[in-house]
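Read through the structure below, which is laid out as structure tokens, and then see the notes.
The values are calculated or read from the model by the stated rules, or taken from the named source; none is laboratory data. None of these values were measured; they are calculated from a predicted model. Glycine also receives a Cβ, built like all others from the backbone with ideal geometry; neighbour counts cover every protein chain displayed.
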Amino acid sequence: MSETIQGQCLCGAVTVEAQIDDAKLRACHCDMCRRHTSGAFFSIKTVPGTEKVAGPAKSFQSSEWAERGFCGTCGSTLWYGTLQDGARHLAAGLFDDAGGAPLVIEFFADRCPQGYALAGKQKKLSTEETIAMFAGVVMRRAITVFSLCVAGAAQADLFEPPKGCTAYMTVQSRSCIVKHHWTCEGDAPGEKWHGELNQDGLVFMGQVDYEAQWLDNFYLGNNKRETFVPPAADPQSLTQLIATGTDTYDFLLQTPEGQHRVRGQDSIIERGVTIDGEELLRTEYQIVITDAQGAITYASTGSEFVSETHRRFVGGYGDVTEPGTPFTFNQRPVEFIYPGESGFLDNKPKYDCDVINARFSDPEPTPLPTIGEQP
């Protein structure tokens, strides 16, 4: 049976109300929570959707996925909120005796400063365990989207995005690749998806945010998924790249083999490039990915094309030097196709497929087209 609890900030200008039916306290020791509260952030588990806040409450977007609520008069901490679903986790200190709830879990326990510790037998999750736990919750929807896309692409001539998602562009590329781009309801503003198909069907699906920061990568060929581990030491920033001509990045991905570090740089080397009527930027890039032991798992240099209109990278060409035998690739965009135009959401790639087939069937296969060659 749920009950209603009421609380307030230090000055009383902001009042809060929520229902609880299994009151529990949660403590977070992450760097952002400690900077916001000057200690661990304690939240109380409430019945989702019952939280009510009245008064001069303000919020600060502390990351691409979260916000922090505070009183506009006295500055008291009010909540931690997730932008994607609008959920608010109310600060336990707003309520008398913290709502009478017991402490049951500590997040980022290994980041708790040495100067203090929380007594009790509550569960303590390390940084890696915390990230894994929340990645499972946040990415559950992404997995569903991926499954639907795989099934749809395998069974139809036209790509059909999942329910609640809207496709806005198809790009036919070199090397027998077609890419479909879409957005989904419920995603954070600016987040986008794209899927890549070859002659056999869907081979890759990825999600990026407004700044083109990688969020989620699915590789169908080896059933591998990589997810962004926040916060980034140096997040990708398309805004900075467009404004200054250069952007560096340094962030972590959670992979089946553990956390991998992604470092690199993009630099604009040509503006006003036109392909199929689309005005693009051409960049020069270098990227290195290393595993937890520092061994290189991927390294590449080359050029990519950027659409300012769609705020995303749309394909490119280059050389992969690690792992294994070095090779050259060319996924230069050739056609940009929009809703209502012939070829929109067509699952069949158009360019270089005969060359790809020849390479697998001939004793002495024909080389792939030279980088930068027009079809």
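At pLDDT below 90 and part of a loop (DSSP other than H, G, I, E, B): is that true of P365 in this structure?
Details: at pLDDT below 90: yes; part of a loop (DSSP other than H, G, I, E, B): yes.
Yes; evaluated as a whole, the condition is true for this residue.
When you look at Q6, is it in a strand (DSSP E or B) and in contact (Cβ under 8 Å) with a residue 60 or more places away in the chain, yes or no?
Working: in a strand (DSSP E or B): yes; in contact (Cβ under 8 Å) with a residue 60 or more places away in the chain: yes.
When the stated conditions are applied, Q6 passes them.
Picking from E191, E129, E185, which residue would you name as being at pLDDT 70 or above, out of contact with any strand residue (DSSP E or B) (no Cβ under 8 Å at 6 or more places or on another chain) and surrounded by fewer than 20 Cβ atoms within 10 Å (Cβ to Cβ)?
Numbers: E191 fails: out of contact with any strand residue (DSSP E or B) (no Cβ under 8 Å at 6 or more places or on another chain); E185 fails: out of contact with any strand residue (DSSP E or B) (no Cβ under 8 Å at 6 or more places or on another chain).
The conditions single out E129.
Please enumerate the residues belonging to segment 41-54 that are more than 16 Å from L25 (Cα to Cα) and among the hydrophobic types (A, V, I, L, M, F, W, C).
Listed by number, the residues that qualify are V53, A54.
Take A54 and decide whether it is among the small types (G, A, S) and in contact with a Leu (Cβ under 8 Å, 6 or more places away or on another chain).
Values: among the small types (G, A, S): yes; in contact with a Leu (Cβ under 8 Å, 6 or more places away or on another chain): no.
No.
Between E279, E270, E257, which is under 22 Å from N217 (Cβ atoms) and surrounded by fewer than 16 Cβ atoms within 10 Å (Cβ to Cβ)?
Numbers: E279 fails: under 22 Å from N217 (Cβ atoms); E270 fails: under 22 Å from N217 (Cβ atoms).
None of the other options fit; the residue is E257.
Report those strands (runs of 3 or more DSSP E) wholly inside segment 55-115 carrying at least 1 residues which are over 18 Å from L25 (Cβ atoms). Can you show your working first?
Working: elements: 57-61, 66-71, 77-82, 87-90, 103-107.
So the answer is 57-61, 66-71, 77-82.
Among the residues of segment 248-255, are any in contact with a strand residue (DSSP E or B) (Cβ under 7 Å, 6 or more places away or on another chain), more than 17 Å from Y298 (Cβ to Cβ) and free of Cβ contacts under 8 Å to residues at least 60 places away in the same chain?
Here is the first cut: in segment 248-255, the ones in contact with a strand residue (DSSP E or B) (Cβ under 7 Å, 6 or more places away or on another chain) are 248-255.
Keeping just the survivors that are more than 17 Å from Y298 (Cβ to Cβ) gives 248.
Checking which are free of Cβ contacts under 8 Å to residues at least 60 places away in the same chain leaves us with 248.
Yes - at least one qualifying residue is present in segment 248-255.
Of all residues in segment 226-245 being free of Cβ contacts under 8 Å to residues at least 60 places away in the same chain and over 12 Å from the mean Cα position of the chain (by Cα), which is surrounded by the most Cβ atoms within 10 Å (Cβ to Cβ)?
If we take residues in segment 226-245 being free of Cβ contacts under 8 Å to residues at least 60 places away in the same chain and over 12 Å from the mean Cα position of the chain (by Cα), then S237 is surrounded by the most Cβ atoms within 10 Å (Cβ to Cβ).
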